[in-house]
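The values are calculated or read from the model by the stated rules, or taken from the named source; none is laboratory data. Given the structure is predicted, the values throughout are model-derived calculations rather than measurements. Cβ placement follows ideal geometry from the backbone for every residue including glycine, while neighbour counts extend to all protein chains displayed. Just the protein is used for accessible areas: all its heavy atoms, side chains included, with ligands, DNA and RNA removed. Shrake-Rupley method; radii C 1.70, N 1.55, O 1.52, S 1.80 Å.
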Amino acid sequence: MKIVCDKNITLASDLFSNLGDICFVDGRSLSREQLSDADILLVRSVTSVNEDLLKGTSVRFVGSATSGIDHVDLDWLHKNGIKFSSAPGCNANSVVEYVLCAIAEIDDYLERLEAGGRVGIVGFGHVGKCLAERLRGLKIHHIIYDPWLSLDGDSFTDDLTATLSSDVITLHASLCHEKPWPSKYIINSKTLEEIPKNSLLINAARGELIHTDALLDLLRCGFGPNVVCDVWEGEPSISKDLLECVRIGTPHVAGYSHDGKFLGTAML
């Protein structure tokens, strides 16, 4: 069995060599010709997996050592009988540590939270759940907004406005275009009005959750919240103007830790 594997997947040789012959490739420049006789393709988020890449190849299984799967055309894989697996939640702990470090780094937000302030969590997937668990351990009050989930409990709300009125708002929703609750541009010119100027807005999920121009206009006028961005609309061609306005700006690395990458490989 031939396994074509991105050369940057952590410890791939140690974990997969007993399954077949591994051919390591550059995931950014991978071509269809390199997959002509492959049985398995293992990638990271830098490889777009779709018809253009796989049509006419012998690939029957695709694995992505990532939590997000925006780079994979799942419908095409399903229609063509190609199995797929990813590593949801593999980097959740790393993202949560990024968020907590950002809160502790900027101004007095940590002190405000410890004194009874509130964190608003938008999205309750792997990262949102991990963050909520950590906040409970720290005895920090938090509120969770995720209308796709029907959950009971004091910390859940269907009121986005209430969530956005928190001292810290942190985004952990997946990028969703489906009605009735699409997440694309959930932070827009209207919802930005609900965020107090002295709040902290953190996006370590997907850049398209925030309407860049709307946020930039507000920040330029001096009315916007403090902002931490690890993800950006239009990556890798990001808004340099927004980068200059945020308190912390990083290149989509919140979940890019060694333990997160190893767990992703182990899950595959």
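Out of all the residues in the stretch 108-124, is one or more under 30 Å from Leu42 (Cα atoms), open to solvent by less than 50 Å² (accessible area, probe 1.4 Å) and hydroxyl-bearing (Ser, Thr, Tyr)? Within the stretch 108-124, none of the residues are under 30 Å from Leu42 (Cα atoms), open to solvent by less than 50 Å² (accessible area, probe 1.4 Å) and hydroxyl-bearing (Ser, Thr, Tyr).
Would you mind stating whether Trp148 is assigned to a loop (DSSP other than H, G, I, E, B), open to solvent by 80 Å² or more (accessible area, probe 1.4 Å) and over 26 Å from Ile238 (Cα atoms)? For Trp148, the condition - assigned to a loop (DSSP other than H, G, I, E, B), open to solvent by 80 Å² or more (accessible area, probe 1.4 Å) and over 26 Å from Ile238 (Cα atoms) - is met.
Let's see how each residue does on (1) open to solvent by less than 20 Å² (accessible area, probe 1.4 Å); (2) without any contact (Cβ under 8 Å) to a residue 12 or more places away in the chain:
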position	(1), (2)
Gln34	no, no
Ile40	no, no
Leu74	no, yes
Gly81	no, no
Ala87	yes, no
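Residues in the stretch 221-237 that are at pLDDT 95 or above and more than 16 Å from Glu194 (Cα to Cα): Val228, Cys229, Asp230, Val231, Trp232, Glu233. As a summary of the residue check, Asp259 satisfies the conditions (1) open to solvent by 30 Å² or more (accessible area, probe 1.4 Å); (2) assigned to a loop (DSSP other than H, G, I, E, B); (3) more than 23 Å from Asn198 (Cβ to Cβ) except for the one numbered (2).
On the stretch given as the stretch 65-95, residues that are on the phi > 0 side of the Ramachandran plot and touching an Asp or Glu at 6+ places or on another chain (Cβ under 6 Å) total 0. Among the residues of the stretch 54-71, are any open to solvent by 10 Å² or more (accessible area, probe 1.4 Å), closer than 22 Å to Tyr256 by Cβ and in contact with a His (Cβ under 9 Å, 6 or more places away or on another chain)? Yes - at least one qualifying residue is present in the stretch 54-71.
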